[in-house]
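Colleague: Just passing along the structure, written as structure tokens.
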Amino acid sequence: PLRPLFLFLALLLLPALAAAELPAWASYTATFDATWSATTHPQDFPANAHWSGLIGGTHDDQAVFWAPGTLATTGVRQMAEWGATTVFTQEVDAQIIAGHAGEVVAGPVLWESPGQTTVTFTVTPDHPLITLCTMIAPSPDWFAGVNGLDLRDGDVWRDEVVVDLYPYDAGTDSGASFASPDLVTSPPVPVAAIAGAPFTPGVPVATLTFRRDGVAAAPVPT
């Protein structure tokens, strides 16, 4: 008579046991490696090439800060056109208040390209996604980044994720070159990948490597 009771209790506990497999939080370091250069993207390459500070946040799938095919928010527009991050930060803060984001993730300006910078952040089961972006500078409204990257692999946190970054147009300025004067796109058009000039098609402008803290880097093949 006790066997059915044990089976019933086991079935009740299974969801809790499965959920417990994902630790309550994980700390990551994101390394931004800017590879955009006169060698990789020679057309019209600017003399003062640099990147704005990384800006983004951790969040759930209800918060979308930017995505191809959607209109840029004010925060994305200001990031992509001027490298400004104040409004983007406010947009993440609003999602934190709404319960859909966990924390703002921000880094310093990278004053040269090629170059490298890092930021650290924490994800939780409630906010397992990361969005980060940065202005390609100088430029009309071009940027690179990741949108809603899931750092889970089933019920565990990923040890390392490497993402090649390609240029995007925020759809708010119609300038055609890095040094173009301001030319407001009215009405704005959706965020879209830049498939050609002045960038070399198919060649990344940077990589983002997300490594869970405490996990050693993978060995370099010999």
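The values are calculated or read from the model by the stated rules, or taken from the named source; none is laboratory data. Everything numeric here is computed off the predicted structure, so don't read it as measured data. Here the Cβ is made from the backbone with ideal geometry for all residues, glycine too, and neighbour counts use every protein chain on show. Remember, those area values only see protein heavy atoms, side chains included, never the ligands or the DNA or RNA. Shrake-Rupley method; radii C 1.70, N 1.55, O 1.52, S 1.80 Å.
Colleague: Roll a 1.4 Å probe over the protein chains and send me the accessible area per residue for the chain in Å².
Modeller: 51
Colleague: Taking H placed 1.01 Å from N in the peptide plane, check which residues at least 5 places from residue 158 or on another chain put their amide H under 5 Å from its amide H.
Modeller: It is 152, 153, by chain and number.
Colleague: Check residue 50: other-chain or 5+ apart residues with amide H under 5 Å from its amide H, H built from backbone geometry?
Modeller: 137
Colleague: How large is ³J(HN,Hα), in whole Hz, for each residue of region 148-160 in order, when computed from phi with the Karplus curve 6.51 cos²θ - 1.76 cosθ + 1.60 and θ = phi - 60°, using x for Gly and Pro?
Modeller: Using θ = phi - 60°, the values come out as x, 6, 8, 8, 8, 10, x, 9, 10, 7, 5, 6, 7 Hz.
Colleague: Something else: Return the calculated 222 nm mean residue ellipticity for the chain, to the nearest 500 deg cm²/dmol, obtained by summing -39500 (n - 2.57) across DSSP H runs with n ≥ 4 and dividing by the residue count. Don't jump to the answer; show the numbers that get you there.
Modeller: Details: 3 runs with 40 residues, N = 222.
Mean residue ellipticity, 222 nm, calculated: -5500 deg cm²/dmol.
Colleague: Quick check for me: using +1 on Lys/Arg Cβ and -1 on Asp/Glu Cβ, what's the dipole size of the chain about its Cα centre, in debye to the nearest 20?
Modeller: 360
Colleague: How much length, in nm to one decimal, is gained on full extension between residue 39 and residue 182, taken as 0.36 nm per residue of separation minus their Cα-Cα distance?
Modeller: Gain on extension, residue 39 to residue 182, equals 48.8 nm.
Colleague: Over all Cα pairs of the chain, how is the pair count split among 5 Å bins, expressed in % and running from 0 up to the last occupied bin?
Modeller: Reading upward from the zero bin: 1, 7, 14, 17, 17, 14, 10, 7, 4, 3, 2, 2, 1, 1, 0, 0, 0.
Colleague: With no solvent and one point on each alpha carbon, what is the Debye value of log10 I(q)/I(0) for region 145-186 at q = 0.33 Å⁻¹?
Modeller: Log10 I(q)/I(0), no solvent term: -1.16.
Colleague: Report, to the nearest whole %, how much of the accessible area of region 103-210 belongs to carbon and sulfur atoms, 1.4 Å probe, protein only.
Modeller: After summing per-atom areas, the C and S share lands at 54 percent.
Colleague: Moving on. With θ set to phi - 60°, apply the Karplus curve 6.51 cos²θ - 1.76 cosθ + 1.60 along region 53-64 and write out the HN-Hα couplings as whole Hz, x wherever there is a Gly or Pro.
Modeller: Values per residue, Gly and Pro as x: x, 4, 9, x, x, 8, 6, 9, 7, 8, 9, 10 Hz.
Colleague: Amide H to amide H, which residues 5 or more places from residue 70 or on other chains are under 5 Å from it, using H placed in the peptide plane?
Modeller: Residues meeting the criterion, in which the H sits 1.01 Å from N, are 191.
Colleague: What are the ³J(HN,Hα) couplings of region 91-98, residue after residue, when phi is run through the Karplus curve with 6.51, -1.76, 1.60 and θ = phi - 60°? Round to Hz, x for glycine and proline.
Modeller: Computed from phi, the couplings for region 91-98 are 5, 5, 4, 5, 6, 5, 4, 6 Hz.
Colleague: Per 10 Å bin, what is the whole-percent P(r) computed from every C-alpha pair distance within region 35-88?
Modeller: Once binned at 10 Å, the Cα pair distances of region 35-88 give 20, 38, 32, 10, 0.
Colleague: What net charge do the residues around residue 162 carry, taking every other residue with its C-beta under 15 Å from that of residue 162, with Lys and Arg at +1 and Asp and Glu at -1?
Modeller: Combined, the nearby Lys, Arg, Asp and Glu give -3.
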